[in-house]
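So the structure is just underneath, and the comments pick up after that.
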Amino acid sequence: MAELQEVQITEEKPLLPGQTPEAAKTHSVETPYGSVTFTVYGTPKPKRPAILTYHDVGLNYKSCFQPLFQFGDMQEIIQNFVRVHVDAPGMEEGAAVFPLGYQYPSLDQLADMIPCILQYLNFSTIIGVGVGAGAYILSRYALNHPDTVEGLVLINIDPNAKGWMDWAAHKLTGLTSSISEMILGHLFSQEELSGNSELIQKYRNIITHAPNLDNIELYWNSYNNRRDLNFERGGDITLKCPVMLVVGDQAPHEDAVVECNSKLDPTQTSFLKMADSGGQPQLTQPGKLTEAFKYFLQGMGYMASSCMTRLSRSRTASLTSAASIDGNRSRSRTLSQSSESGTLSSGPPGHTMEVSC
């Protein structure tokens, strides 16, 4: 068994004072299912995929991803990749409210809009980063277009269709709760909502007073009417690219993400369960998620010249030791980070590093 090693993680750093935000270019393109708006940061890099993000219900690309992509340590990553942030139809800032009776696209149809975006930009491949409904949409797209997806980071994914019990609970909740409260319950844990932190107050205000709340409800209904992705380990329906599954230890979707992990190819899938991150780890723990994302990209063969921290060097040594012991055993990976115990496990079961955060 590899020897336990204690290392230090670099201090989390926000965007540095005076650091100029990237210039953004917003585009809209017509698709068979309506118009979709997306914002591009940076310029395409030769022989590198674009990072394409898709947000969750109740949010847009800014409210979902801005804290992560403006984080100081993330700058090293985004300098190496062009980014495309997709807003679901009607979710972009300043979006007009859809007319009464408008048929909002299903999540499958939202996934089918992505090829139009890539064709418009002349991009051939992507690394997808999705949260909740956005994670489902990117997974559906990857199933339909596997040759164009080099990797996926899926936060809070629930690949299962709602069952009868789920529908009954949803209908009952709808009788006593507003749309905004139901969406907040989807985004955050009950513990977070009860604590009513500054973050919860901010996002409750964003959703409750959203001028496009009627549009948000349509996206919410599409999410609740999603089909089962039917992942099957060892079967034909699976994600064929490297995948990092992410969930907070207090997230409403923890069980769904754990189940999803059990259905995907263990040689292609990493599972990151983040303690003290609640329902939206990209908002509450951007530093740790950035670190994990960097390892994910390095594992795909990108940013090899990036300066490795002592943590990543130690992980590499641990994986090498594990491989020499286990030979041809399964190389599935599970990552776990905690700000309390500071544990990070990597490689085959039983090989663990202790990390001080």
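What the table shows:
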{"item": "For segment 24-304, accessible area per residue (1.4 Å probe, heavy atoms of protein chains only), Å²", "result": "40 Å²"}
{"item": "Net charge, D108 excluded, C-beta distance under 12 Å - Lys, Arg +1, Asp, Glu -1", "result": "+1"}
{"item": "Stretch gain in nm, segment Q79-M300, where the contour uses 0.36 nm per residue and the Cα spacing is subtracted", "result": "77.9 nm"}
{"item": "Calculated Rg and Dmax of segment 24-304 using C-alpha coordinates, Å", "result": "17.6, 53"}
{"item": "Rounded Å value of the spacing that divides the Cα centres of segment 232-287 and segment 103-133", "result": "20 Å"}
{"item": "Fraction of beta bridges assigned by DSSP in segment 24-304 that are antiparallel (%, nearest 5)", "result": "35 percent"}
{"item": "Within the accessible area of segment 24-304 (1.4 Å probe), percent carbon and sulfur", "result": "50 percent"}
{"item": "Packing rank of 263-274, 209-220, where each peptide gets the mean count of other beta carbons within 10 Å, highest leading", "result": "263-274, 209-220"}
{"item": "For segment 194-211, 3J(HN,Hα) per residue [Karplus equation, 6.51 cos²θ - 1.76 cosθ + 1.60, θ = phi - 60°, Hz, x = Gly/Pro]", "result": "5, x, 6, 5, 4, 5, 5, 4, 4, 6, 5, 5, 4, 7, 4, 9, 5, x"}
{"item": "Segment 24-304, relative contact order in percent, only Cα pairs under 8 angstrom and at least six apart counted", "result": "21 percent"}
{"item": "Stretchable slack from T43 to S194, in nm (0.36 nm times residue separation minus alpha-carbon distance)", "result": "50.1 nm"}
{"item": "Model label zone, D147; criterion: amide N under 20 Å from point 7 Å along Cα-to-beta-carbon; scope segment 220-255", "result": "236-242"}
{"item": "Ranked packing of 122-130, 49-57, 191-199, 145-153, most packed first, by mean Cβ within 10 Å", "result": "49-57, 122-130, 145-153, 191-199"}
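The values are calculated or read from the model by the stated rules, or taken from the named source; none is laboratory data. This is a predicted model, so every value here is computed, not measured. Backbone-built Cβ (ideal geometry, glycine too); neighbour counts: all protein chains shown. Heads up: the accessible areas ignore ligands, DNA and RNA and are worked out on the full protein's heavy atoms, side chains in. Shrake-Rupley method; radii C 1.70, N 1.55, O 1.52, S 1.80 Å.
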